[in-house]
Amino acid sequence: MKKKVYFKTFGCRTNLYDSQVMMSSLKEYDITQDESEADVIVVNSCTVTNGADTNVRSYIGHVEKNGSAKIFLTGCGAHTKGEKLLEENRVHGVFGQSEKEKIDLLLAEEKPFYNPGDLNHIDETVVDDFIGKSRAFIKIQEGCNFRCSYCIIPFVRGDARSMSEDKIIEQISRLALNGFGEFILTGTNVGSYGQGQDTSVAKLMKRISQVRGVRRIRLGSVEPIQITDEFKEILDEPWLEKHLHIALQHTSPTMLKLMNRRNVYKQDKELFELLHEKGFAIGTDFITGHPGESEELWLEAMKNAKDLPITHLHAFTYSKRDGTPSATMKAEVNGKVAKQRLHELEALINNKNFEFRKAFKGSLEVLIESQKDGLYYGHDQHFNKILVESDDDLVGDWITVSNYEVRGDSNYAKL
Ligand code: SF4
């Protein structure tokens, strides 16, 4: 009888993809979605913030308390917390993301091990399915050449490198044959896809749109400077979602410099206004409380944020990461103040999202992703959530919704 493996995935969509690669590479073990019956648990970790590290540690504590499964750690946390967790005998083995395709061998290791792997590795595996999902996350690149002063990612994911275009097309063709119609292109710095090669994220998306069965392409987080003239040519394409996530991280010019960001507020504003005019919903990343964020700079940042047509927010309070330039910066901001600023910003963007949904007069193109308590959940072309009440099983279906109610944090429709 084969042993059972449970995969616990933390963090970003790239980790979701990496877990799918491990599941697809597993031959000598069975996958279980039920943690309590697992003989082995693989923790695919995140280390982007202190909070991420704490979540991973407390999950390992939960497993230790509730069972006897053998624990293996991988993901970005393998590079920052792995050795310590191994020394403390809290995990049996630690391996870097590059080793994941050798999952059968790694899980069979008798002796405890630490194998950080190669930070320049490029995956070869093509996955056929996305277990438990109705849309597919496709990792197109890995690593980042930017050096934002607060960020640990380049040190745990390596420098930017791109998957081969042919392999990505093969990947999407296989998943489209298996019924997937929505593809989310993901990576560490997606917009740097094709750097140093004769391709780009815009070229790749055009090619993907030609694959039979591809209905909608979504893009992970891109940097403002990566929305090039070439990229602007695809903005009106029907297969591109009417939403883009463009990472600003801050809206105070002084803070952007301190954070060693490559974007400039004036150009960000011009870009966001162009996208808004074209009907795009726009998401962004933001860090509050980075060292140097005085009350004066915060007021400037909020005034600038009010002037931007942002509809979605992915924001954190600053988290000191050992080994980053920001970790040695003075003028630290009190944690409570950082949290308060985060809530202020969230309230502003929630209201902008509500106003955006109220102002939109067209129909919503929705892929129903899941069902809970008799209600169906999905996202429309603007990446806004919608709840649908229906007697039919809609999971995996594409529906066009013209008659719906705009509610506080999502839209609602009864079919
Ligand atoms: S662009 Fe900056 S924030 Fe994003 S992964 Fe790279 S270094 Fe980190």
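The values are calculated or read from the model by the stated rules, or taken from the named source; none is laboratory data. Since the model is a prediction, treat every value here as computed from it, not as a measurement. Neighbour counts run over all protein chains shown; Cβ positions are idealised from the backbone, glycine included. What goes into the accessible areas is simple: the full protein's heavy atoms, side chains included, and nothing from ligands, DNA or RNA. Shrake-Rupley method; radii C 1.70, N 1.55, O 1.52, S 1.80 Å.
Only a single item in (1) out of contact with any helix residue (DSSP H, G or I) (no Cβ under 7 Å at 6 or more places or on another chain); (2) away from the ligand (no atom under 16 Å from the Cβ); (3) at pLDDT 95 or above is not met by residue 189, and it is number (2). Taking residues in the stretch 321-332 that are under 14 Å from residue 289 (Cβ atoms) and in the same structural domain as residue 151 (by TED's automatic domain parsing), and partners anywhere that are among the hydrophobic types (A, V, I, L, M, F, W, C) and loosely packed, with under 15 Cβ neighbours inside 10 Å, the pairs with Cβ atoms closer than 7 Å and at least 6 places apart or on different chains are 321/327. Looking only at the stretch 301-311, decide whether some residue is out of contact with any Ser or Thr (no Cβ under 6 Å at 6 or more places or on another chain), under 30 Å from residue 398 (Cα atoms) and surrounded by 13 or more Cβ atoms within 10 Å (Cβ to Cβ). Checked the stretch 301-311: at least one residue is out of contact with any Ser or Thr (no Cβ under 6 Å at 6 or more places or on another chain), under 30 Å from residue 398 (Cα atoms) and surrounded by 13 or more Cβ atoms within 10 Å (Cβ to Cβ). Set side by side, the residues 19, 45 differ, and just one is closer than 29 Å to residue 320 by Cβ, out of contact with any helix residue (DSSP H, G or I) (no Cβ under 6 Å at 6 or more places or on another chain) and hydroxyl-bearing (Ser, Thr, Tyr), which is 19. Of everything in the stretch 201-210 that is open to solvent by less than 20 Å² (accessible area, probe 1.4 Å) and over 20 Å from residue 157 (Cα atoms), the residue that is farthest from the ligand (Cβ to nearest atom) is 208. Only residues that are crowded, with 16+ Cβ neighbours inside 10 Å and either more than 16 Å from the ligand (Cβ to nearest atom) or among the charged types (D, E, K, R) (or both) were counted across the stretch 226-236, and they come to 3. Of all residues being open to solvent by less than 20 Å² (accessible area, probe 1.4 Å) and of a type in the set (Gly, Ala, Ser) in the stretch 255-291, which is nearest to the chain's Cα centre (by Cα)? Just the residue, please. Here the residue is 283.
Here residue 68 does not fit the description of being crowded, with 21+ Cβ neighbours inside 10 Å and either touching a Gly at 6+ places or on another chain (Cβ under 7 Å) or not β-branched (Val, Ile, Thr) (or both). The listed residues are 396, 374, 378, and the only one of them that is surrounded by 15 or more Cβ atoms within 10 Å (Cβ to Cβ) and on the phi > 0 side of the Ramachandran plot turns out to be 396.
Check whether at least one residue in the stretch 175-186 is in a helix (DSSP H, G or I), of a type outside the set (D, E, K, R), under 22 Å from residue 24 (Cβ atoms) and open to solvent by less than 70 Å² (accessible area, probe 1.4 Å), and report yes or no. Among the residues of the stretch 175-186, at least one is in a helix (DSSP H, G or I), of a type outside the set (D, E, K, R), under 22 Å from residue 24 (Cβ atoms) and open to solvent by less than 70 Å² (accessible area, probe 1.4 Å), which makes the answer yes. Reported count of residues in the stretch 237-262, each being more than 16 Å from the ligand (Cβ to nearest atom) and out of contact with any Phe, Trp or Tyr (no Cβ under 6 Å at 6 or more places or on another chain), is 7.
Taken over the stretch 370-415, the criterion of being closer than 17 Å to residue 242 by Cβ, hydrophobic (A, V, I, L, M, F, W, C) and part of a loop (DSSP other than H, G, I, E, B) is satisfied by 383 alone. When 87, 110, 64, 35 are screened for being among the charged types (D, E, K, R) and closer than 17 Å to residue 9 by Cβ, only 35 passes.
Looking only at residues of the stretch 213-225 that are open to solvent by 20 Å² or more (accessible area, probe 1.4 Å) and of a type outside the set (Val, Ile, Thr), we find that the one that is farthest from the ligand (Cβ to nearest atom) is 213. Residue 162 meets the stated requirement of being in the same structural domain as residue 236 (by TED's automatic domain parsing), over 24 Å from residue 397 (Cα atoms) and not acidic (Asp, Glu). Within the stretch 143-161, the residues that satisfy the criterion of being open to solvent by 10 Å² or more (accessible area, probe 1.4 Å) and more than 9 Å from the ligand (Cβ to nearest atom) are 155, 159, 161.
When the criteria are applied in full, residue 172 meets the requirement of being part of a helix (DSSP H, G or I), away from the ligand (no atom under 12 Å from the Cβ) and either of a type in the set (D, E, K, R) or open to solvent by less than 10 Å² (accessible area, probe 1.4 Å) (or both). Restricted to the stretch 241-321, the set of strands (runs of 3 or more DSSP E) holding at least 2 residues that are in contact with a Lys or Arg (Cβ under 8 Å, 6 or more places away or on another chain) comprises 281-288.
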